[in-house]
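Taking it in order: structure first as structure tokens, then the write-up.
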Amino acid sequence: MSNFYTATILMAVLACIIMCVIIGVSPILTPLKKKQFCRGFLIVIIGAVFEWGAAFLEHSNSVIWLHTIVKALEMCSAPLIPLALMPAISDDRKLLGVMLGGVIFNFVMIALSSVFGFIFYVDAANVYHHGSLYFIYMIDYVFQGICLLIGTIRLSRQYQGRHSWTLYLILVFMILGIALHNIDKSIHVDYIVLAITLSFFYITYVAMVQSTDSLTMLLNRHSYDSMISQLDERSLLINVDIDYFKQCNDTFGHLFGDDVLRTVAKILKDNVPASSRVYRTGGDEFCVIVPGIPCDPEQIIEKIHAAMEDARLTVTNLPFVSTGYAPYSPGEASIMDAIENADAMMYKFKNLRKKLMEEGKDLSYSDIHKILVSSHLKDDEVTSSSSEER
């Protein structure tokens with residue numbers, strides 16, 4: 001057994017220990033999430049120690065049965081790693097059940113192989129070998145990794161899918177590391193690859209959490225500021241503001257206000273193009289950035305307002321929202337001009353509807369928009385301080 005291999009196992013173990021310390025002091029994760037992530041790294045440590053133990057026994061005068069048991073324990077622990085990490089990523093019970101079934105199947109096959117040698121065996125010279133059905137073990141191993149990927153991609157969709165492509169790269173990295181070891185058994189990089197893979201998953205998860213508003217699950221203000229500072233493609237900006245939100249909170253309570261924010265957030269996510277990014281930019285303020293400039297932005301706006309009307313049928317006292325939009329083309333105008341134009345349209349709409357409702361006229365979005373377009377109202381007739389509304 002080479003010193004290089006021992007050093008590799010040692011570094012994998014140390015990396016896992018350091019990650020557990022980092023997770024333990026993280027202000028981002030809940031205590032439960034910390035335990036779930038640390039559990040995954042702990043199993044990597046256990047698997048790495050068992051693998052090193054099996055390699056040590058192979059090069060010593062140990063009894064064959066002890067070498068067989070230690071190797072069996074190592075082979076049982078490796079596919080368990082994705083299952084241990086899965087609860088930190090997803091609470092999908094069906095997917096967890098499928099993964100648990102795969103782990104139990106692997107346990108049974110390894111236990112039987114310890115006797116019959118069809119997955120692995122230790123020969124009379126105390127040397128470990130792959131059996132004729134070793135590929136079944138590898139299929140289960142990769143299957144567990146794919147299930148973890150599926151769970152993480154589903155989680156990524158809740159965060160508007162911004163990290164999906166990086167997850168595929170992580171899976172490729174993990175498969176490559178496992179493949180290298182199986183192509184050449186002298187290349188012992190599997191556990192350090194697993195330690196790095198779990199670290200990648202943790203980094204991706206934290207990045208998703210840090211970029212997201214915890215109440216609405218929309219991208220947060222920091223993400224919005226970062227996006228507009230580097231936006232370099234033609235886009236449509238849609239600004240959305242909840243009318244009389246302060247009065248809504250004061251009248252019905254902050255829990256109801258939170259429900260309103262979540263309802264509006266879901267309506268926005270469900271009714272804008274799939275490629276859009278939806279942000280909560282303030283207390284009751286939202287922005288949608290749609291890549292490209294649609295031929296008819298009004299269709300998107302009308303769809304949002306129609307969904308709000310439908311929600312109002314079931315959610316009592318759900319307030320109205322005001323919307324405004326502006327196209328942005330790099331090189332033609334600044335992003336700040338586009339934001340101000342969208343805001344100006346939004347407040348024209350907001351104040352005109354307020355005026356109409358005071359007159360007893362409850363008009364649809366399209367009717368109000370027609371009035372705005374046809375009357376060419378002056379800014380001082382329809383623009384007032386937004387603080388009055390909040």
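The values are calculated or read from the model by the stated rules, or taken from the named source; none is laboratory data. Because the structure is predicted, anything quoted here is derived from the model rather than measured. FYI the Cβ positions are ideal-geometry reconstructions off the backbone, even for glycines, and counts take in every protein chain you see.
Okay, here's what the table says:
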{"item": "Flag if Asp243 is surrounded by 14 or more Cβ atoms within 10 Å (Cβ to Cβ), of a type outside the set (A, V, I, L, M, F, W, C), touching a residue at least 60 places away in the same chain (Cβ under 8 Å) and within 30 Å of Asn351 (Cα to Cα)", "result": "yes"}
{"item": "Some residue of the range 35-57 being surrounded by fewer than 20 Cβ atoms within 10 Å (Cβ to Cβ) and more than 27 Å from Thr152 (Cβ to Cβ)", "result": "yes"}
{"item": "Hits in the range 310-325 (condition: touching a residue at least 12 places away in the same chain (Cβ under 8 Å) and more than 30 Å from Asp232 (Cβ to Cβ))", "result": "Ala311, Val315, Asn317, Leu318, Pro319, Phe320"}
{"item": "Pairs, first farther than 24 Å from Ala274 by Cα in the range 138-164, second modelled with pLDDT under 85, C-beta under 6 Å, six or more apart", "result": "Gly145/Met174"}
{"item": "The range 300-334 - residue that is modelled with pLDDT of 90 or more and surrounded by fewer than 12 Cβ atoms within 10 Å (Cβ to Cβ) and, of those, nearest to Arg353 (Cα to Cα)", "result": "Asp310"}
{"item": "Selection status of Glu381, at pLDDT 85 or above, at negative phi, in a helix (DSSP H, G or I) and surrounded by fewer than 18 Cβ atoms within 10 Å (Cβ to Cβ)", "result": "no"}
{"item": "Check on Gly257, farther than 18 Å from Phe320 by Cβ and either aliphatic (A, V, I, L, M) or over 24 Å from the mean Cα position of the chain (by Cα) (or both)", "result": "no"}
{"item": "Residue pairs meeting the criteria (Cβ under 7 Å; at least 6 apart or on separate chains; first crowded, with 16+ Cβ neighbours inside 10 Å, in the range 336-361; second assigned to a helix (DSSP H, G or I) and among the polar types (S, T, N, Q))", "result": "Tyr347/Ser386"}
{"item": "Some residue of the range 270-293 being part of a helix (DSSP H, G or I), touching a Phe, Trp or Tyr at 6+ places or on another chain (Cβ under 9 Å) and assigned by TED's automatic domain parsing to the domain that holds Ser366", "result": "no"}
{"item": "Search result, residues across the range 226-244 that are in a helix (DSSP H, G or I) and in contact with a helix residue (DSSP H, G or I) (Cβ under 7 Å, 6 or more places away or on another chain)", "result": "Ile228"}
